[in-house]
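> Quick one: the structure is below, and I'll ask about it shortly.
Readers should treat all values here as calculations from the given coordinates under stated rules, not as data from a laboratory. Note that the structure is predicted; figures quoted are calculated from it, not measured. In this analysis, Cβ positions are derived from the backbone assuming ideal geometry, glycine residues included, and neighbour counts consider all displayed protein chains.
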Amino acid sequence: MKTFIRKYEYNYIKKCLFDLNNTLRNCTDPNIVEATRAYIQDKILYTFKDLSKEEIEILDISNLTDPLHIESYLKDLDKYVYGMPSITSTQLTKLFKKEKKLKLPNLDNQDSKLVYLGWIDESIRKLLITYNMDGKLVGMACRLTNSNSNNANVCAVCNHIGSDSEVAFVSPICKTSNTGIGAYKSIGFHICLDSTSCNDRITSTEKLEKLLKDVNNLK
Ligand SMILES: [Zn+2]
């Protein structure tokens, strides 16, 4: 059986089953439990297009009648999950050719399933992000700012809420088609500094793709 669930879809299923877990733990009315399960089942299936009969069976949650079942179900489901295709250092160097002396992340161990690859290069104080958009590798080099407030920031990519040390304000320089004065455009947003945790939380790539399109001046 081959993989058919994207990493962010898996995160979405995980989030849905967290709700089911709450219902199983807190609700004593079997009718409400069944109605909630049916609703969650629809939400999960609705995420996918063109599922095979086998895949629908894999996504069937009718047997999850106890909170204990959920964890093992998710563990088992992981074998059907895939992340972004692996990246070579040559691709990264080419993608970020404007960044001088860029320190590349360790690419030896790429079996972890990622929605996007993100790493911090402290020497240039940037968070580098790469993502495979419709088969093409795109990226953004986000300048990190020095701020230390206790504000609650929301990650633009995964919606996680955290203070500056966890969810920081960044500003990538954007590409523009305009070559005249003011050709550089800059945008700013908050994003998780820990890309691994962010990757485990993203349930939709819509916002990430929108940001990458804005930064790279793509339609
Ligand atoms: Zn995040």
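> Evaluate E = 1/(1 + (r/R0)^6) for Ser171 and Phe18, where r is the Cβ-Cβ distance and R0 equals 35 Å; express this FRET efficiency to the nearest 0.05.
E(calc), rounded to 0.05, equals 0.60.
> Contour minus end-to-end for Gln110 and Arg125, with contour as 0.36 nm per residue of separation and end-to-end as the Cα-Cα distance?
3.0 nm
> Non-local amide H neighbours of Cys142 (under 5 Å, H modeled in plane, Pro and chain starts lacking H): which ones?
When sequence neighbours closer than 5 places are left aside, the close amide H contacts are Leu127, Leu128, Ile129.
> May I ask you to evaluate 6.51 cos²θ - 1.76 cosθ + 1.60, the Karplus curve with θ = phi - 60°, for each residue of segment 163-173 and list the ³J(HN,Hα) values in order in whole Hz, giving x for glycine and proline?
7, 3, 6, 10, 10, 9, 7, 10, 9, x, 7
> Moving on. According to the square roots a ≥ b ≥ c of the eigenvalues of the Cα gyration tensor, what is the shape class of segment 64-171, taking rounded for a/c under 1.5, prolate for a/b larger than b/c otherwise, and oblate for the remainder?
Oblate.
> Further, regarding this structure: I need the phi-derived Karplus couplings for segment 11-27: 6.51 cos²θ - 1.76 cosθ + 1.60, θ = phi - 60°, integer Hz, Gly and Pro marked x.
4, 5, 4, 4, 5, 4, 6, 5, 5, 5, 4, 4, 5, 4, 7, 10, 10
> Taking only the alpha-carbon atoms of segment 1-144, what semi-axes of the equivalent ellipsoid follow from 5 times the gyration tensor eigenvalues under a square root, in whole Å, largest first?
39, 17, 12
> Highest GNM mean-square fluctuation, the chain, Cα pairs closer than 10 Å: which of Asp60, Asp19, Asp50?
Sorting by GNM fluctuation, first place goes to Asp50.
> Go ahead and run the numbers for FRET between Ser204 and Ala152, Cβ-Cβ distance against an R0 of 22 Å, rounding to 0.05.
0.55
> Please list, in order along segment 80-96, the HN-Hα scalar couplings obtained from phi with the Karplus expression 6.51 cos²θ - 1.76 cosθ + 1.60 (θ = phi - 60°), rounded to whole Hz, x for Gly and Pro.
Values, residue by residue: 9, 9, 10, x, 5, x, 5, 10, 9, 5, 4, 4, 5, 4, 5, 5, 10 Hz.
> Once amide H atoms are placed 1.01 Å from N in the peptide plane, what residues at a sequence separation of 5 or more from Ile202, or on another chain, have their amide H within under 5 Å of its amide H?
Residues meeting the criterion, in which the H sits 1.01 Å from N, do not exist here.
> Taking 0.36 nm per residue of separation and subtracting the Cα-Cα distance, what length does fully extending Asp78 through Lys136 add?
18.4 nm
> Considering the zone a paramagnetic label at Glu54 would reach in this model (a point 7 Å from Cα along the Cα-to-Cβ line), which residues of segment 1-40 have amide N under 20 Å from it?
Within reach of a label on Glu54: 1-7, 10.
> I've got another one for you. Can you tell me how much longer the chain between Lys94 and Lys213 gets when fully stretched, taken as 0.36 nm per residue apart minus their C-alpha distance, in nm with one decimal?
Between Lys94 and Lys213, full extension yields an extra 41.0 nm.
> Which entries of Lys113/Lys136; Lys185/Lys213; Lys98/Lys175; Lys97/Lys185; Lys113/Lys175 have Cα-Cα distances beyond 22 Å here?
Lys113/Lys175
> How long are the semi-axes of the equivalent ellipsoid of segment 5-82, defined as square roots of 5 times the Cα gyration tensor eigenvalues? Whole Å, largest first.
One finds semi-axes of 21, 13, 11 Å for segment 5-82.
> Another question, if that's okay. In percent, what relative contact order does the chain have, based on Cα pairs under 8 Å that are 6 or more apart in sequence?
19 percent
> Next question. Taking Cα pairs under 8 Å and at least six residues apart, what relative contact order does segment 5-82 come out at, in percent?
48 percent
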